[in-house]
Structures are given as structure tokens and as C-alpha cells.
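Got a structure here, written out as C-alpha cells. Questions coming.
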Amino acid sequence: MPNAGLASLKNIESIKNFKDIIMEKIKGGYFGRLLRINLTNHTYQVEEIPEQILIDYIGGRGLGSKILFDEVPGKTDALGPDNKLLFLTGPLTGIPAPTTSRFSVVSKSPLTGTVSGSSSGGHFGINLKSTGYDVLVVEGISDKPCYLYISDQKVDIRNASHLWGKNTDETTDIVLSETNQKAGVASIGPSGEFQHLIASIMNEKNHAAGRGGLGAVMGSKKLKAVVVDGAQKTPVEDKAFVDKAVKNWRTFVGEAPLTKDVLKEYGTPALVKVINDYGAFPTNNFQEGVFNDADSISGQTFKELYFVKRAPCSGCPISCARVTATPEEEGKGPEFETIWAYGALCGINDLEQIIHANYNSNKYGFDTISAGNAIACAMELSEKGFLPDETMELIQKDLGRKLEFGDEKAIVLFTKQMGKNEGFGKDLALGSALLAKKYGHPELAMHVKGLELPAYDPRGFHGMSISLATNNRGGCHLRSYLVSTEALATPFAINRFESKGKAGLTKLYQDLTSTVDSMVACVFTSFALNPDLYAQLVGSVTGIEQDGKALLKTGERIYTIERLFNLREGKTREDDTLPKRLLDEPFKSGLSKGHKIDFENLLDEYYQVRGWTKGGVPTKEKLEEIGLVEEGSFL
């Protein structure tokens, strides 16, 4: 049951219509209803969400982080019954604004031990909102596999024994045949069932709430899928004002170069050549920053050889996603990060095999960034002779040769083995940090707080160094995408090797992204919109008027409560760092050659800008300023 922070949640199971909930300040955007399902005893209850919490945390990631902080005590086993798995929408979900069909999943990560949240596209978010609930909280552990079917205000906990062991494609098709073909489906594959620490939650087969191992949390609860559909419409305060604000959004998103042309034309793989040209495209497990075969895996090659059609999320004009096909198979993706992780990071230039590895990852349900990092780490361990003879023999038996960088057969084989929990795939499914530790060389794992790093080497983008190191969920680029300024000159260009101002810019981006994730909108809109435009649309829907400055203060509150969660878990300044290789070994070639990050001074400045101590702890004054005194009382 809720702890003190959400003690005002009221059981309103008897309420039959969202209009029965009276909110004095909020006039739209929410139903005010939380559905709590206990899988241990297969019961559920409906609770009213306090209005002030919605104002203070918006929805999505922010609301999820607040609920998780209040309801999951420190040091809780992420794969135990006391951890909770939250599916959340935001006030913009279900209105006709660009990119607002998304949803958030929030839980404690079994991979990192931190608060973790992922945002995913498709149409599941709209389906979830249409049930009349803003939040779904799943707690406890079922004694047998089950799946949820939530339709309007009907809740059904169904047996899923016949689904256990099936991949996400098969699972989705079966549950739709058993429920409603128009429903939204979020499911786990075998990787989640095996509780692999890099397991994802997949929706509509190919969209992923991918990072941090939240699929393992779902698997630990023996929850195979969540199926949602309904007929409730998101209420709005002022339809005419909403229509005007949506028009502004569409205009700006439709005119910004990245969202108008580049992403629409090539999708996210357009970044391959850009990042490689900067000499900051991590290659061979971050040993180099230039991949000489980048043209073979570029967005242009991808479009020419494997593109079938655009596959936008519901109502999205950007259309960055792609349906692709090889002679053997058709599916969605891969995105830029996946092309990099199974490509340059592993020294592989065979785009077709990268695509097949991506298809495997989606079906079995695991994070491609973490999986690619683990394979690259294994390749370096192998080449340097750090794997024991019995492991080398196991790999040789399955692969047919020694494991080395550039082996395209390896990524297809290992993604299957990971999904099936077989062979060397069992070790790879641990993630790179535990893999490297197991074989005695933790320095070869490129991660922050246990979460593998993305495709932007901070030696070439110094702002990204502090962004990646201080990210609350670990080595993730999406919580403060300074690449937009350091590489893409959006909304302005900045010297990528300059440290001055990067700490403040990191905080700004982190706070803004916290609000975007909480609305729940796509972070790509930040290529086109500013805080005032975000505040305008949220205000037009909810009736809560605020400007961009006030919205950023809300983002700071969200980012800080995540920090408090991590501090309570025992994270310290020592965890806000980068792999030793990235701090001590400058590149020897390429346009980022010779540059070294002034990291410790950057970190000191970042803490100062945030109003935190030199140890990375928010001060009492800062907590009072943003309304988190009670939450920070354990410090």
C-alpha cells in the first residue's frame, strides 16, 4: 500500500465515471484515476490521484518517479515482490498533438539499482489512456503466468501459461485474437521470462521500453502482457485554445530542419555519417572513434537497400521509424543506436546481418544498446586473450571460429542465444558490466551505473560527458541530448570541446527532458520547440497556466526526486563518472584526436549549478526551493 507521500490516494473503486472525480484546479488532461493490480492475490483497486501531485509531477516519467519513490523503499529487490512496475500516460496523451501517443514505464532497474523509466511510441499509450486510467501500478508476483486485459473499466487477469516461452510477435497476435484486434499490447519475450537484466518491454511488436531491464521486472512478476483498449476521450479545458496550441506545435515541428527533412527522409540512421565524421562514433568497443566502413551502414545505404515504407507512431508527422525487409524477413528498424551497437561498436559493416540481429532482439525482447555493448566487450575480451579456454571452446563450437571484431555471424548467433538463454548468450545477457567483471576485466565494460553507453563518444562531445555521467538511469543520451548543439547545431551551435557553460546547459536539457517525458511527448520535439511552447499546450489542456520558466522548475523537481531515489539506494559521486578509457585515453586519430575531458571540474561545476554539495547531494535550501523537504528527510 502507499507510503506517506501518496497516503492521500483514495480507494474509489465504486466510482463508475471519471467525471465523478472533482478536481478544483485541473480542468483537463487527466481522469485522476490510478488502477492498482496486485498479482500475488489477483485483486485490483481504483484510487484517486491527488490533484497537487499531478500539478507537481505532470504525469509519465515524473509521476512514476514520485510514486516509485513513495512506495518502493530503499534497497528493495528489483526482481522481488515489493518492486512495482508502472505504466503511465500524460496530460497530452490522446490529444491530436504531434508525438503524444507515447507512454512511460517506470520501475527500479535490476540492471543498475537506480530509478529507471523508458518512453515508448506506437499507439499503446493512447489505448491505455482510453481505458479511463492515467496510471497502472502492478505489484506482487503471480503464482503462474498471466496477462492483463483492461477494457474501459473492466479488469481481467487471465492465465498466460499458453503464452510463456513465445516471442513478442507470437504473443501479440494471440492476445489480440483473444481480446480486441484494435487493442494496444505491451509484452515481454523469452528474455523477460528468463529475467535477463537487459530485457525490454515491447509494444506493438517493434516499439521498445528498452533500457534498464524493465522487461525482467515484468518477467519476475510472471506478467506476460498488458492489453488495453477503451472509449474514454482525454478531457481538455479549452478546445479552441488546444487547437491553436496544437497548430503552433505542428508548425514548428514541420519547419525545423531535423524534424521536417532529415528524420523524415532517412530516419534516425541519418546520424551514422554525421557522428562518424566528427570522429566520435565509438568503434571496436570504444577503442576508436572512426569507423572506416561507415558508408556501408549509413542512413543512405539503409534507405537504398532495405527501406520498405515509413512507419510513424500514431499521429506523428516526423515519421522517423521504418519498415524494412531483407530477402529472408520483414520487420521494423533498426534505429541509429542499434545500427551502431551491432555495427561499428562490433566492427561490423554488414547491414543485412545488423537488421537480422535487430529483428531477433525485438522478438526475444531485449535492449539492443546493451546487447551490442556486451558483444563488443566479449570481442575485446576474446582478442586480448582474457576468456578462459572452456569459454573460448564453447564459442568456437557454436561460432565455428575465434570471436573477433568484424564477425557479422556473431551478432546473429548471439542475439538468438541470448533470447533462448543458451550457450555464451547466457553470459552476454548479463550485460557488459557483469560480463566483464565475471571474466576479470571490468575496465572493458563501457557503462555508467551499469547501463551501457550510447553511440556518442564523450571524448568528441564534452558536454555529453557530464550528461552521461550524471544521468539518473545510467549511460543514457535521451535525458540530456547535448549532441543537438554540439553536433547538429540545434537550436544553436556550440564548441564541442569547450567546457565553459556545459554544466548549466546539461541541467537545462535534463530539466526540460524531464517535463517532455512526463507530458508524455517525444524528445525529438525538442529539436523544434522551446519551454514556452510546451507550457502553452499543457496549459491549454489542463487549465493550469504557467510559462516555460515554471515548467523547467517542475522538471528540476522531477530530476531531483530521481536523484533522491538513487541516493537512498547508496549511489554517490563515485557513480557519476565515465569508464576509465574515456577519461584517460584520448583518440589517436580522427577529428576528435588528442582531446581530453576536463571531467572533475565539469562535475564540480554541475553540482554547483544544481545546488548540490560537492558530494552530489541536494542542499536543504535547494530541497525547500523545489518542494522536496519531506522526500529528502532521509539525507
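Which count do you get for residues in region 221-244 that are among the small types (Gly, Ala, Ser) and buried (at least 23 other Cβ atoms within 10 Å of the Cβ)? Break it down stepwise before answering.
Kept after step one, since they are among the small types (Gly, Ala, Ser), are these residues of region 221-244: 225, 230-231, 240.
With buried (at least 23 other Cβ atoms within 10 Å of the Cβ) added as a condition, the list becomes 225.
Counting residues in region 221-244 that are among the small types (Gly, Ala, Ser) and buried (at least 23 other Cβ atoms within 10 Å of the Cβ) gives 1.
Go over the candidates TYR266, TYR278 one by one and state the one that is more than 21 Å from LYS593 (Cα to Cα), out of contact with any strand residue (DSSP E or B) (no Cβ under 8 Å at 6 or more places or on another chain) and aromatic (Phe, Trp, Tyr). Spell out the reasoning first.
Values: TYR278 fails: more than 21 Å from LYS593 (Cα to Cα).
Of the residues listed, the single one that is more than 21 Å from LYS593 (Cα to Cα), out of contact with any strand residue (DSSP E or B) (no Cβ under 8 Å at 6 or more places or on another chain) and aromatic (Phe, Trp, Tyr) is TYR266.
Of the conditions (1) touching a residue at least 24 places away in the same chain (Cβ under 8 Å); (2) within 25 Å of SER484 (Cβ to Cβ); (3) small (Gly, Ala, Ser); (4) open to solvent by 10 Å² or more (accessible area, probe 1.4 Å), SER589 clears all except one; give me its number.
Evaluating SER589 over (1) touching a residue at least 24 places away in the same chain (Cβ under 8 Å); (2) within 25 Å of SER484 (Cβ to Cβ); (3) small (Gly, Ala, Ser); (4) open to solvent by 10 Å² or more (accessible area, probe 1.4 Å) leaves (2) as the failure.
Consider only pairs whose beta carbons are under 6 Å apart and that are at least six residues apart or on different chains; among these, list those whose first residue lies in region 33-56 and is within 14 Å of ILE150 (Cβ to Cβ) and whose second residue is assigned to a strand (DSSP E or B) and at pLDDT below 95.
GLN45/ASN11
Please find, among MET418, MET392, MET379, the residue that is hydrophobic (A, V, I, L, M, F, W, C) and within 21 Å of the chain's Cα centre (by Cα).
Working: MET392 fails: within 21 Å of the chain's Cα centre (by Cα); MET379 fails: within 21 Å of the chain's Cα centre (by Cα).
Exactly one residue qualifies, and that residue is MET418.
In the set GLY343, GLY431, which member is within 18 Å of the chain's Cα centre (by Cα) and either over 27 Å from LEU583 (Cα atoms) or in contact (Cβ under 8 Å) with a residue 12 or more places away in the chain (or both)? Full working, then the answer.
Numbers: GLY343 fails: within 18 Å of the chain's Cα centre (by Cα).
Among GLY343, GLY431, only GLY431 is within 18 Å of the chain's Cα centre (by Cα) and either over 27 Å from LEU583 (Cα atoms) or in contact (Cβ under 8 Å) with a residue 12 or more places away in the chain (or both).
Something else about it: Quick check on THR324: is it in contact (Cβ under 8 Å) with a residue 24 or more places away in the chain and farther than 27 Å from LEU111 by Cα?
Values: in contact (Cβ under 8 Å) with a residue 24 or more places away in the chain: yes; farther than 27 Å from LEU111 by Cα: yes.
When the stated conditions are applied, THR324 passes them.
Just give me the residues in region 310-324 being in a strand (DSSP E or B) and either at positive phi or crowded, with 20+ Cβ neighbours inside 10 Å (or both), in sequence order. Lay out the reasoning, then the answer.
Filtering region 310-324 for residues in a strand (DSSP E or B) gives 310, 322-324.
Within region 310-324, ARG322, THR324 qualify.
Name the residue that is most open to solvent (accessible area, probe 1.4 Å), counting only residues in region 352-407 that are of a type in the set (Ser, Thr, Tyr) and touching a Pro at 6+ places or on another chain (Cβ under 8 Å).
Just the residues of region 352-407 that are of a type in the set (Ser, Thr, Tyr), to begin with: 359, 361, 364, 368, 370, 382, 391.
Now narrow it down to the ones that are touching a Pro at 6+ places or on another chain (Cβ under 8 Å): 364, 368.
Values: TYR364: 40, THR368: 17 Å².
Only one residue tops the list, namely TYR364.
How many residues does region 242-256 contain that are closer than 19 Å to GLY94 by Cβ and without any contact (Cβ under 8 Å) to a residue 24 or more places away in the chain?
2
State the number of residues belonging to region 564-586 that are closer than 26 Å to ARG459 by Cβ, open to solvent by less than 50 Å² (accessible area, probe 1.4 Å) and in a helix (DSSP H, G or I).
Of the residues in that region, 6 qualify.
Scan region 352-362 and tell me whether some residue there is under 27 Å from LEU478 (Cβ atoms) and not in a helix (DSSP H, G or I).
For region 352-362, residues under 27 Å from LEU478 (Cβ atoms) and not in a helix (DSSP H, G or I): absent.
Going residue by residue through region 178-195, is there one that turns out to be over 22 Å from HIS123 (Cα atoms) and either at pLDDT below 95 or of a type in the set (Val, Ile, Thr) (or both)? Steps first, answer last, please.
Of the residues in region 178-195, the ones over 22 Å from HIS123 (Cα atoms) are 190-191, 193-195.
Now drop any that are not either at pLDDT below 95 or of a type in the set (Val, Ile, Thr) (or both), which leaves none.
No.
Take ASN601 and tell me if it is among the polar types (S, T, N, Q), within 25 Å of GLU443 (Cα to Cα), under 22 Å from the mean Cα position of the chain (by Cα) and in a helix (DSSP H, G or I).
Values: among the polar types (S, T, N, Q): yes; within 25 Å of GLU443 (Cα to Cα): yes; under 22 Å from the mean Cα position of the chain (by Cα): no; in a helix (DSSP H, G or I): yes.
So ASN601 does not fit the description; no.
Among the helices (runs of 4 or more DSSP H) contained in region 476-560, which hold 2 or more residues that are open to solvent by 40 Å² or more (accessible area, probe 1.4 Å), farther than 19 Å from ARG102 by Cβ and in contact (Cβ under 8 Å) with a residue 40 or more places away in the chain?
Values: elements: 483-486, 502-519, 531-542.
Per the criteria, no element qualifies.
Let me ask something additional. Filter region 587-598 for residues that are not in a loop (DSSP other than H, G, I, E, B) and not hydrophobic (A, V, I, L, M, F, W, C) and give the result.
Listed by number, the list holds a single entry, LYS593.
Confirm whether GLU380 is touching a residue at least 40 places away in the same chain (Cβ under 8 Å), acidic (Asp, Glu) and closer than 30 Å to ALA256 by Cα.
Working: touching a residue at least 40 places away in the same chain (Cβ under 8 Å): yes; acidic (Asp, Glu): yes; closer than 30 Å to ALA256 by Cα: no.
So GLU380 fails the test.
Can you list the strands (runs of 3 or more DSSP E) found entirely within region 165-215 that contain at least 1 residues being among the hydroxyl-bearing types (Ser, Thr, Tyr) and within 15 Å of SER109 (Cβ to Cβ)? Before the answer, list the steps.
Details: elements: 184-187, 201-203, 207-209.
Once the strands (runs of 3 or more DSSP E) in region 165-215 are filtered for at least 1 residues that are among the hydroxyl-bearing types (Ser, Thr, Tyr) and within 15 Å of SER109 (Cβ to Cβ), nothing remains.
So, in region 589-635, of the ones that are in contact with a strand residue (DSSP E or B) (Cβ under 8 Å, 6 or more places away or on another chain) and of a type in the set (Lys, Arg), which residue ends up nearest to PHE497 (Cα to Cα)?
Narrowing region 589-635 to residues in contact with a strand residue (DSSP E or B) (Cβ under 8 Å, 6 or more places away or on another chain): 589-590, 593-595, 610-612, 618-619, 622, 628, 632, 635.
Next, only the ones that are of a type in the set (Lys, Arg) stay: 593, 610, 622.
On the way: LYS593: 11, ARG610: 22, LYS622: 30 Å.
My answer is LYS593.
The values are calculated or read from the model by the stated rules, or taken from the named source; none is laboratory data. Note that this is a predicted model, so its numbers are computed, not measured. Every residue, glycine as well, gets a Cβ built from its backbone with ideal geometry; the counts of neighbours run over all protein chains shown. When the accessible area is computed, the model is the full protein with side chains, heavy atoms only, and any ligands, DNA or RNA have been set aside. Shrake-Rupley method; radii C 1.70, N 1.55, O 1.52, S 1.80 Å.
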